[in-house]
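Let me begin by presenting the structure, written as structure tokens, before commenting on it.
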Amino acid sequence: QIVLRLSIQEAFSALLACGAWRQASVDAPSFWRGLYSVHLAGGRDLEGCCSGPDGWRAEFLRDWHLHARSPAFVSWRCLSEGGDPRAGHAAVLLEESRLLLLICGATSDYRFRRDVEVFDLETRTFAPLPCPGIQPGPRWQHTCALIDGVVWMLGGSNALEESVWRLELQGSPPREGRWARFEPEPGARFQGFAAQGHTLTRVESHDGGGGDGSGGGVWLIFGGKVGGHRLSDATLRFDTKQQDIMSRLQLCVSPPPRFCHSACAVGDRLFVYGGWAPEPSRENFPSSSFLSDTWMLRLGGEGWTRVRTAADPEPRCQASLWPLGDGGRLLLFGGASHNQQPDRLSYGDVVNDLDTVHILNLNTGVWLSTATTEPNLRGGVLAMAPGGPGGATLLGGGMHSDAGSEQPTFRSGMWAVDVRLPAP
């Protein structure tokens, strides 16, 4: 038995060039499974991932088009270079007003912010949103959600008072906002939320209604660093119409604890990728505790399932993750890890800011990398939201470091990322 160690692109190019898929003597399902098994550890069985010979051929050809024939299928557009530099902030899209709210975050020298900035998708300009009255504490690595016209803000670094905040928007389009601390009802088990680096994701419910004002969705929280030191593996349901607005799901299996991971939803499934799981007893600079695993939770299921994948991206935290097209693929961009043998222990020499793009085919479990056409955008903790021009994904701000630097560079601006999915 001869084992070929080829990259996916090399295998695609060689096999397509010789026209092997056209040979009638080749058993089609075995051929396509064998093709995907090139470069996969353990000769993983992919039977059933694609239905019939045409299914295998379609998956193969589409991925080959994406990653070999069309290396520039990702389109990057800088919508604006304006705005205030910030990273680790949250973004909330107001679809009717075509406005994007950018909430809190950190800026140069890790100074935490408490302000709200508005990006107008029509004029492509930034402006502050006045928020008179009581203000939440400055923070980053928090999450926000728009539910019934109200913006909810959960957790964040430098926000360990366990408070949950509501932002009431005044007018349409909003002229100003009014913050208020959420006060739990007497007797409620939920009394606060002190986590950072967690995720808050809207997942479609089975019955088309979640009772949370999100148009038939359920909001799920996963992971994070709690109280500034303890990593969590908890999955919580966030429902503003319940007495206990947060309740832990009782699941038989959960991913290992982590924070600064990536998450997105495809229908009634929640996906989590990577993150950071530093051990409290070990020195974590540079850290070797970054993750590259992928997990899936189906709403209503008994527990999480680890997605069996091949050709995993480099372990990382703080990356951006979103679904493509009909939800058959996930796109992973950027993030950060640590160089294990840096020349110096300066921030810029240790931190490895990534600009790579990887696409996971959920049918086959194969990660494939592709070229990025925007070298100026890299690193992590960018704000991300759907709803850009032509259905593009919006990425704002973020931070990166340069060799020898003692502090990261915090960026401003707004980008739109388009992904073209060619037909097989």
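The values are calculated or read from the model by the stated rules, or taken from the named source; none is laboratory data. None of these values were measured; they are calculated from a predicted model. Cβ sites come from the backbone with ideal geometry, for glycine too, and all protein chains shown count toward neighbours. What goes into the accessible areas is simple: the full protein's heavy atoms, side chains included, and nothing from ligands, DNA or RNA. Shrake-Rupley method; radii C 1.70, N 1.55, O 1.52, S 1.80 Å.
Observations on the model:
- Val366 being farther than 28 Å from Gly413 by Cα and of a type outside the set (Asp, Glu): yes
- For Ser287, the stated conditions hold: it is assigned to a loop (DSSP other than H, G, I, E, B) and among the polar types (S, T, N, Q).
- Strands (runs of 3 or more DSSP E) lying entirely in segment 85-137 (those with 3 or more residues that are of a type in the set (Ser, Thr, Tyr), farther than 17 Å from Ser412 by Cβ and open to solvent by 50 Å² or more (accessible area, probe 1.4 Å)): none
- Index of the failed condition, Arg114 passing every other in (1) without any contact (Cβ under 8 Å) to a residue 60 or more places away in the chain; (2) at positive phi; (3) of a type outside the set (S, T, N, Q): (2)
- Residue within segment 401-408 that is modelled with pLDDT of 90 or more, buried (at least 22 other Cβ atoms within 10 Å of the Cβ) and farther than 19 Å from Ala263 by Cβ present: yes
- Among the residues making up segment 135-191, those that are over 25 Å from the mean Cα position of the chain (by Cα) and of a type in the set (A, V, I, L, M, F, W, C) are Leu169, Trp179, Ala180, Phe182, Ala188, Phe190.
- Among the residues of segment 168-204, the ones that are polar (S, T, N, Q), open to solvent by less than 60 Å² (accessible area, probe 1.4 Å) and modelled with pLDDT under 85 come to 0 in all.
- The residues listed here are Ala392, Ala383; of these, the one that is at pLDDT 90 or above, farther than 13 Å from Ala87 by Cα, among the aliphatic types (A, V, I, L, M) and within 17 Å of the chain's Cα centre (by Cα) is Ala392.
- Close pairs from segment 190-218: first of a type in the set (Asp, Glu), partner open to solvent by less than 40 Å² (accessible area, probe 1.4 Å) and modelled with pLDDT under 80, Cβ under 9 Å, at least 6 apart: Glu204/Gly210; Glu204/Gly216; Asp207/Gly216
- Entry remark, segment 307-319: residues being under 17 Å from the mean Cα position of the chain (by Cα) and either within 16 Å of Gly365 (Cβ to Cβ) or without any contact (Cβ under 8 Å) to a residue 24 or more places away in the chain (or both) number 3 in total.
- Annotation: of all residues in segment 210-224 being over 17 Å from the mean Cα position of the chain (by Cα) and not β-branched (Val, Ile, Thr), the one that is modelled with the highest pLDDT is Gly217.
- Filtered residues of segment 240-275 (kept if more than 18 Å from Gly301 (Cβ to Cβ) and of a type in the set (D, E, K, R)): Lys241, Asp244, Arg258
- Pick from segment 74-84, criterion charged (D, E, K, R) and touching a strand residue (DSSP E or B) at 6+ places or on another chain (Cβ under 7 Å), ranking: surrounded by the fewest Cβ atoms within 10 Å (Cβ to Cβ): Arg77
- Breaking point among (1) in a strand (DSSP E or B); (2) among the polar types (S, T, N, Q); (3) at pLDDT 90 or above, for Ser412: (1)
The rows are residues; the columns are (1) in a strand (DSSP E or B); (2) at positive phi; (3) open to solvent by less than 30 Å² (accessible area, probe 1.4 Å).
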{"position": "Pro313", "(1), (2), (3)": "no, no, yes"}
{"position": "Trp322", "(1), (2), (3)": "yes, no, yes"}
{"position": "Gly327", "(1), (2), (3)": "no, yes, yes"}
{"position": "Leu330", "(1), (2), (3)": "yes, no, yes"}
{"position": "Pro342", "(1), (2), (3)": "no, no, no"}
{"position": "Asn352", "(1), (2), (3)": "yes, no, no"}
{"position": "Asp355", "(1), (2), (3)": "no, no, no"}
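- Any hit, segment 379-399, residues being free of Cβ contacts under 8 Å to residues at least 60 places away in the same chain and assigned to a loop (DSSP other than H, G, I, E, B): no
- Within segment 267-284, being part of a loop (DSSP other than H, G, I, E, B) and open to solvent by less than 20 Å² (accessible area, probe 1.4 Å) holds for no residue.
- Of the residues making up segment 175-196, those that are in a loop (DSSP other than H, G, I, E, B) and under 23 Å from Leu220 (Cβ atoms) are Phe182, Pro184, Glu185, Ala188, Arg189, Phe190, Gln191, Gly192, Phe193, Ala194.
- Taking the criterion of being surrounded by 20 or more Cβ atoms within 10 Å (Cβ to Cβ) and of a type in the set (A, V, I, L, M, F, W, C), the only residue of segment 299-309 that qualifies is Trp304.
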